[in-house]
Amino acid sequence: MLKINNLQVKLEEEDKQILKGVDLEVPAGAVHAIMGPNGSGKSTLSYVLSGRDGYEVTGGGASLDGADLLELEPEERAAAGLFLAFQYPVEIPGVGNMTFLRTAVNAQRKARGEDEMSAAEFLKFIRAKAKDLKIDADMLKRPVNVGFSGGEKKRNEILQMAMLEPKMCILDETDSGLDVDAMKLVSEGVNALRDEGRSFLVITHYQRLLDHIKPDVVHIMAAGRIVKTGGPELALEVEHNGYADILAELA
Amino acid sequence: MGLPDTANTKENGTRRLPASGAWAKSAREDARARLAAVGMPVRRDEYWKYTRPDTLVADAAAPAAVFDHAGEVPLYDTIDRLKIVFVDGVFDAAASDPLELAGVEIERLEQAGQADIHWAKDVYGVLETRGQDPVLRQLATLNTAYAPDGVLIRVTGQAAKPVSLIYRHEDETSDAMLHHVIRLEPGADLTLLENGPSAARFNKVMEVDVGDGAAFHHVRAQGRDHERRAVTHVFARLGKESTFKSFTMTVNGRLTRNECVIEFTGDDAVAHVAGAAMGDGDFHHDDTVFVTHDAVNCESRQVFKKVLRNGATGVFQGKILVKAGAQKTDGYQKSQSLLLDDDAQFFAKPELEIYADDVACSHGSTSGAIDEEALFYLRSRGVPEILATDLLVLAFLADAIEEIENEEIADDITARLDAWLQRHRS
Ligand SMILES: Nc1ncnc2c1ncn2[C@@H]1O[C@H](COP(=O)(O)OP(=O)(O)OP(=O)(O)O)[C@@H](O)[C@H]1O
Ligand SMILES: [Mg+2]
């Protein structure tokens, strides 16, 4: 599904290399987790994959089901099935959450040559999904993420994911800011989407989320590289010992 | 009636006062004398620092091509309203509805101005004169002296439906002046709609006297002709517990100066003025607002938004004056521009002058580009860049549009703004 090959990225404005050769492959149906110290480049990786401005790819590449991701506009990547749940979801005053979602769903359908959803169909669809995530009607009416609590913003990201039904989902610290119940809710939302045709790349600092969303593979990222890859037990090791041992091993 | 030169106040290059009965004659002669004493605005006047007055004061109007609406549905089409049509500033009886409406008396200035006595005497030129201090607004004085026509509306109760003034432009060289007077008796309620460019050059004054407990709602759209020029003044006087709400949409137009002068004379009144302007290229739009709080516990709110691209210029001059004794004043002023490229310009001069101690006044003026973070967020959800930009532009305008109380009209206005965006993509 997702293939990242020796990806090297620097900041466009500064002479600062952030990703120094990332290799990663997530097969269809798999759940991979990425852990790693603050500032190691996890969010940068997710942004570069989804097409945010401000980065320069200096080497390597990334593809989704064989399509060269880096050649595509952000909206084309989305239409191709890529989704990023943001670490810091963006507030958009003046754009209603509902309008936003309907525009997004229909734009993707149009890009894929499918029929747009009627207003009634859409309403039914969103109500069902919102109910699962305990998102009330008021939150749907409000402007996108404006005045949402940290946890509400994260739930709103998962709602978008559920509505857009992407095939490659990247979750950047979706667990941060969530209370215990919300974490369960969000995990259930993610698990409900698990499917043999859909893959997940879950970026997190905590083993706790991985208790709910069981990863097949865990990667450790440090200083712009994947430095260690293992099974779910790797997350437990990090939980208990931090990164010191892993980083020392490399030195 | 209806000869084209009715709208033209000049004869052999010199202006002449329209034929008048006693009340109108004294108001017009007074205005002519006041104008002779102060002269026309000139470029070095502080109040005209950002907008050149020369084309507005020139003897003749520069020609303006007539915009072809090519079968578009007219604005307010779904609203049941009483239509009054002016073509190049000349009343069009055939296109207008009979001037009869429950709760409202409507007359034309051209006819009512022939009488010797009329209720409009207490308002016509009176609010305009009050609005000359502390800053001169000579183009309004010019209008008081020479405008040959307009409507005089006295609202005695709840108007049965909105009154809709439609200003058509058919003659490329037309130079039109209209002067409206609206008086809302205590407790009365009127919605006034306006739309259309009216002329190559349009000078319009509207004096609104809002009685105690009365409510006035005003929505206008200034017409899409690219080359038209307009200077408009609204003078409003607000009585106790009254409401005044005015929204203006301006898209296109080479030059527009909209002045709004509001005076609170009774306690506990509310005035909101809002504007959404969008310009591409040769577009200069100026909102000049002056709010005087001279009563207790009144709320004033100004929300002006401009979307500019391709060399378009936006100006905002807004002042809130709180006089001594006008305690518990709540004054709010926001003027923002969204610059879609590096060539667009925005000049803002927000001012507060406060002589009372128990007041809450705030103003904010910003100028910026599309929010890149928001744009990326939308695109990452699959919304194409152009559509995402349009969404963000409309979002930027949203709190001005929210000032329109009638949702059907607000939706209609939003649809027009959206359509404009679709036509003006880079
Ligand atoms: N636009 C930018 N300008 C300056 N530095 C940047 C920028 N974007 C990223 N960086 C730097 O790149 C490095 C990687 O940042 P990134 O956000 O990818 O880390 P992360 O692994 O997601 O960290 P965290 O776990 O704290 O979320 C950091 O040192 C960060 O300061
Ligand atoms: Mg991060």
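The values are calculated or read from the model by the stated rules, or taken from the named source; none is laboratory data. Because the structure is a prediction, the values reported are computed rather than measured. Cβ: placed from backbone, ideal geometry, glycine included. Neighbour counts: every protein chain shown. Please note that ligands, DNA and RNA were not included when accessible areas were found on the heavy atoms of the full protein model with its side chains. Shrake-Rupley method; radii C 1.70, N 1.55, O 1.52, S 1.80 Å.
Per-residue answers, yes or no, for (1) away from every other protein chain (no Cβ under 13 Å); (2) of a type in the set (A, V, I, L, M); (3) free of Cβ contacts under 8 Å to residues at least 12 places away in the same chain:
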| residue | (1), (2), (3) |
| --- | --- |
| A:Val48 | no, yes, no |
| A:Tyr55 | no, no, no |
| A:Asp65 | yes, no, no |
| A:Leu82 | no, yes, no |
| A:Val95 | no, yes, no |
| A:Thr99 | no, no, yes |
| A:Thr103 | no, no, yes |
| query | Among the numbered criteria (1) within 14 Å of chain A (Cβ to nearest Cβ); (2) buried (at least 21 other Cβ atoms within 10 Å of the Cβ); (3) more than 21 Å from B:Thr243 (Cα to Cα), which single criterion is violated by B:Thr313? | reply | (1)
| said: Give me the helices (runs of 4 or more DSSP H) completely within the range A:137-239, filtered to those with at least 2 residues that are more than 16 Å from ligand 2 (Cβ to nearest atom), under 23 Å from A:Met35 (Cβ atoms) and within 14 Å of chain B (Cβ to nearest Cβ), ordered by residue number. | reply: A:150-164
| task | Only strands (runs of 3 or more DSSP E) wholly contained in the range B:320-426 count here; list those with 2 or more residues that are open to solvent by 20 Å² or more (accessible area, probe 1.4 Å) and within 14 Å of chain A (Cβ to nearest Cβ). | result | B:330-339, B:360-368
| Only one of these conditions is not met by A:Gly61: (1) without any contact (Cβ under 8 Å) to a residue 40 or more places away in the chain; (2) more than 8 Å from every other protein chain (Cβ to nearest Cβ). Which number is it? | (1)
| said: If I ask for residues that are surrounded by fewer than 15 Cβ atoms within 10 Å (Cβ to Cβ), touching a residue at least 40 places away in the same chain (Cβ under 8 Å) and outside any loop (DSSP other than H, G, I, E, B), which ones from the range B:30-54 would you list? | reply: B:Val38
| query | If you go through the range A:67-120 one residue at a time, how many are touching a Pro at 6+ places or on another chain (Cβ under 6 Å) and either modelled with pLDDT under 90 or open to solvent by 50 Å² or more (accessible area, probe 1.4 Å) (or both)? | reply | 1
| query | What single numbered condition from (1) open to solvent by 30 Å² or more (accessible area, probe 1.4 Å); (2) under 23 Å from the mean Cα position of the chain (by Cα) fails to hold for B:Ala115? | reply | (2)
